[in-house]
Amino acid sequence: MSDSLAISNNILRLAFRDNIEVTPMKLQKLLYLLYARYLHLGNEPLFSSRFEVWKYGPVLRDIYNHFKDFGARPINGYAEIDGKALVLDESVNDLFKEALELTWDRFKDFSGQQLSALTHLQGTAWHIANGRGDRFLRDEEVVLDGGYRFWT
């Protein structure tokens, strides 16, 4: 498994390359969609951090804490881990590379609010967990979001 902060840097690298603004909310939702797609394609979690059920959709607390100072403004730098901006090497994990490219190509032009609305649709893992009053999303429900719900 990988580190969610390093993977956030993979997304930010694409955003900086393509000159597309990514706010903390948009980053959270892109990470969720990437995680869901990876889980669907490979039947294993991408990282050990668990998505929490927050008002505006799935949230990783470590990502929230790291980028919260940006508020609703675009993120303008990488997450540093021990003073270094680490990324997951896409060349050693073909499944990650595929999931990242699919997620970025499909959702890069969506706003954070649009992505949040997607995660709130009836039948999504967030919707189900929120309805139960759960604190965390369950991977057995997230995998469905990485399959047909957002990708068809």
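Quick rundown of the values:
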item: Additional length obtainable on full extension of the chain from Lys97 to Phe16, 0.36 nm per residue less Cα span; result: 27.4 nm
item: Per-selection Rg to Rh, the chain - Cα, Kirkwood hydrodynamic radius; result: 0.93
item: Trypsin sites (Lys or Arg not before Pro) restricted to region 1-106 and DSSP loop, no more than 12 other C-beta within 10 Å; result: Lys55
item: Carbon and sulfur %, accessible surface of region 1-41 computed with the full protein complex present, 1.4 Å; result: 47 percent
item: Under the span-like rule (Cα at least 15 Å along the axis, Kyte-Doolittle mean at least -0.5), DSSP H helices of the chain; result: 4-18, 24-42, 94-107
item: Relative contact order for the chain, counting Cα pairs under 8 Å that sit 6 or more residues apart, in percent; result: 36 percent
item: Label point distance in nm, Glu80-Tyr64, each placed 7 Å from Cα along Cα→Cβ; result: 2.5 nm
item: Student exercise, the chain dipole from Lys, Arg, Asp, Glu Cβ charges, in Debye to nearest 20; result: 540 debye
item: Heavy-atom surface of the chain, accessible at 1.4 Å and reported per residue (Å²); result: 51 Å²
item: DSSP loop GluC sites (Glu not before Pro) with at most 16 other Cβ within 10 Å: longest gap in the chain; result: 81-152
item: Structure-based [θ]222 nm, the chain - -39500 (n - 2.57) summed over DSSP H runs of at least 4, per residue, nearest 500; result: -15500 deg cm²/dmol
item: Given charges at beta-carbon only (K, R positive; D, E negative), |dipole| of region 35-116 in Debye; result: 420 debye
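The values are calculated or read from the model by the stated rules, or taken from the named source; none is laboratory data. The structure presented is a predicted model; accordingly, all values stated were derived computationally and were not measured. As a convention, Cβ positions derive from the backbone with ideal geometry for all residues, glycine included, and neighbour counts pool all protein chains shown. The area values use the complete protein model at the heavy-atom level, side chains included, leaving out ligands, DNA and RNA. Shrake-Rupley method; radii C 1.70, N 1.55, O 1.52, S 1.80 Å.
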